[in-house]
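Below: one structure, written as structure tokens.
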Amino acid sequence: MAEWNAYYRNEDEEEEQEEGEQSGGDYKITGRDSLVFLVDASKEMFIKGEDGQPSNFDMTMQVVRSVYTSKIISSHRDLMALVFFGTEQSKNPRNSFKHVYVYHDLDEPGAKRVQDVEALRGGKGAQLAAETMGSGETSLGDALWCCANLYNDIKLRLSHKRLMIFTCRDEPHGGNSTKDRQARTKAGDLKETGVVIDLMHLMKPGGFDVSLFFCDIVSPPEDESELGLQLEPCNKLEDLQKRVRAKEQKKRAMARLKLCLGEGINLAVGIYATAVTARKPGAIRLYRETNEPVRSKTRTFHTQTGSLLLPSEIKKAQVYGRKKIVMEKDEVDAIKKFYDPGLLLIGFKPMEKLKVQHHIRPAVFLYPEEDEVKGSACLFSALLTKCSERNVFALCRYISRRNYPPRFVALVPQKEEVDEGKVQITPPGFNVIFLPYADDIRTLDAPQAPVASQTSVDKMKEIVYKLRFKYRSDAFENPVIQQHYRNLEALALDMVAPEEIDDLIMPKVDQIDNRLGPLVQDFKDLVYPADYNPETKPAAKRKTAPTGGGAEKKPKVEVSEDELKAHVQNGTMAKLTVAALKEACKHFGIRTTGTKKQELIDALIGHLGS
């Protein structure tokens, strides 16, 4: 039987699971994301730009390669496809559509696909594309129909389906009304099946007019925060990459829960992670002969008979009063359950009551889910407005999943912020701040240090003011993780050497010296003595010898037999330290194979009881 403590999960594990992909309870993955690149392969796409600028086709292939590599790192289980339209050759399932070339089926990205896209870049890539596909007539309706068939052939559950069209022609059919009507009809069919169609239009002589044809093809933005149809075409690679990056990532809720404001007043909210810790991916065990991933299975056997145990035959136990209490898994789940997952409003507190030290875990973001419960957005907006006006936060009880202990959280209101172009910078909603329990707070004795003079403090303020800059978390990448992925990329793509990375966290010494000027030397003259050299190490302090002449030893922790019996009767054995328990076992001659506290307690209880 498994011990009770082994059944409980650590809170750190809970936090790590919340940051990653969720599973269990209301935190379940609804499916995989999918993305189809529909690229124009007409002759206009291969015309090079002015001043040696890359062609629109070359820019598109660089973006596709960048998305492939980022997807492999961030979410390798998502599905991606690359389809060309306006080609001379045809290659698609059952070859039902002419002038449509499916270069990559809808599948998980891999190193082979990255190499295929890499081969289509540059002058050699344009030549390879001309030899493989060529340029011919255009029928966007057939291309959209072919993409719809790619989605229909997938048996997996897809949570989000997106299709991106890359072209530099605002009238791909040259004014052919029949083909235009067919394309609009097929685009409407795709939208009804949940496919989001985006346009990544590229620069062409005379400008790109989206109102001629594509305004009826592209899907409207799903919410206010999403980037809609841009009127200006992309003429630079950085601009195109920025737009694709903004479109490809779907905002996925960690959980959808109910926020209870009172009896019978519930609204649906989604919980989103605003920042996630970047970690190296876990190691995957491979079979050495086939190099395929190995799946491990865990089975539990009876220690005496060796028979295989079913999950229903495994019990949980807890020692209490020298007796082992056995419980079923359902009973343990019932004990662990406090309430159903959700948020319950307790009351409101002024913002002055919330201190910086109350922030003990990464905060999450709360946003209404109108699709779950009608009227949630209106009620949520009213609550947000009143909290902002009165400068208060909402105190709530928060249970993230079934059988998880409750936490108390503060819902801090956040107003919407937009830039000069009326583009949303900060969304409206509540920041969920996890509040500490009494056990989470401890008092520390501040070390005694000499007090600095006011002159040196003022000088240091000048130095700090000179070194201040506007911090952005996305401006600093983890060099260890970046180098790790560069090494993996070089290994997978058979590169001679991995790409060099810029360590953005290293200080810019020259720029710092230029900013500070003589301030550093002035501060040294104020604080340090004239002969101070920071390069020399201070001499190690000699330890004073004890009065007894020998090295001081740690005193043994001894507990008498009467004290142990008193602890057993009162049920306070857990208050003793592991060192005291080990010393007691050694004193009574008890042999113990384990070193855990509970095992030592059980051994002593058994000895004293006998």
Filter segment 193-240 for residues that are within 30 Å of the chain's Cα centre (by Cα) and open to solvent by 80 Å² or more (accessible area, probe 1.4 Å); the one that is modelled with the lowest pLDDT is Glu224
Do you know which residues across segment 171-182 are in a loop (DSSP other than H, G, I, E, B) and buried (at least 19 other Cβ atoms within 10 Å of the Cβ)?
-> Pro172, His173
Could you please tell me which pairs satisfy a Cβ distance under 7 Å, a separation of 6+ or placement on different chains, a first residue in segment 120-149 that is β-branched (Val, Ile, Thr), and a second residue that is open to solvent by less than 50 Å² (accessible area, probe 1.4 Å)?
-> Thr138/Ser42; Thr138/Phe85; Thr138/Gly86; Thr138/His99; Thr138/Pro172; Thr138/His173
Please specify each residue of segment 387-410 satisfying the condition of being crowded, with 19+ Cβ neighbours inside 10 Å, among the hydrophobic types (A, V, I, L, M, F, W, C) and free of Cβ contacts under 8 Å to residues at least 60 places away in the same chain.
-> Cys387, Val392, Phe393, Ala394
Output the qualifying pairs, or none if there are none: Cβ atoms under 7 angstrom, residues six or more apart or on different chains, first residue in segment 176-190 and basic (Lys, Arg), second residue crowded, with 16+ Cβ neighbours inside 10 Å.
-> Lys179/Ser139; Lys179/Gly141; Lys179/His173; Arg184/Ile217; Lys186/Gly141; Lys186/Leu144; Lys186/Trp145
Kindly check whether there is at least one residue in segment 108-122 that is basic (Lys, Arg), in contact with a His (Cβ under 9 Å, 6 or more places away or on another chain) and part of a helix (DSSP H, G or I).
-> yes
Is there a residue being more than 19 Å from Glu88 (Cα to Cα), assigned to a helix (DSSP H, G or I) and either in contact (Cβ under 8 Å) with a residue 24 or more places away in the chain or of a type in the set (Phe, Trp, Tyr) (or both) anywhere in segment 155-170?
-> no
Within segment 461-475, which residues are assigned to a helix (DSSP H, G or I) and open to solvent by 70 Å² or more (accessible area, probe 1.4 Å)?
-> Lys461, Glu462, Val464, Tyr465, Lys466, Ser473, Asp474
Can you give me the number of residues within segment 90-143 that are farther than 25 Å from Arg77 by Cβ, among the aliphatic types (A, V, I, L, M) and in contact with a strand residue (DSSP E or B) (Cβ under 7 Å, 6 or more places away or on another chain)?
-> 4
Output the residue which, of all residues in segment 127-154 that are open to solvent by 50 Å² or more (accessible area, probe 1.4 Å) and among the acidic types (Asp, Glu), is modelled with the lowest pLDDT.
-> Asp153
Does Asp513 satisfy the criteria of being farther than 28 Å from Arg361 by Cα and part of a loop (DSSP other than H, G, I, E, B)?
-> no
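The values are calculated or read from the model by the stated rules, or taken from the named source; none is laboratory data. Because the structure is a prediction, the values reported are computed rather than measured. All Cβ positions, even for glycine, are placed from backbone atoms using ideal geometry, and neighbour counts span all protein chains on display. The area values use the complete protein model at the heavy-atom level, side chains included, leaving out ligands, DNA and RNA. Shrake-Rupley method; radii C 1.70, N 1.55, O 1.52, S 1.80 Å.
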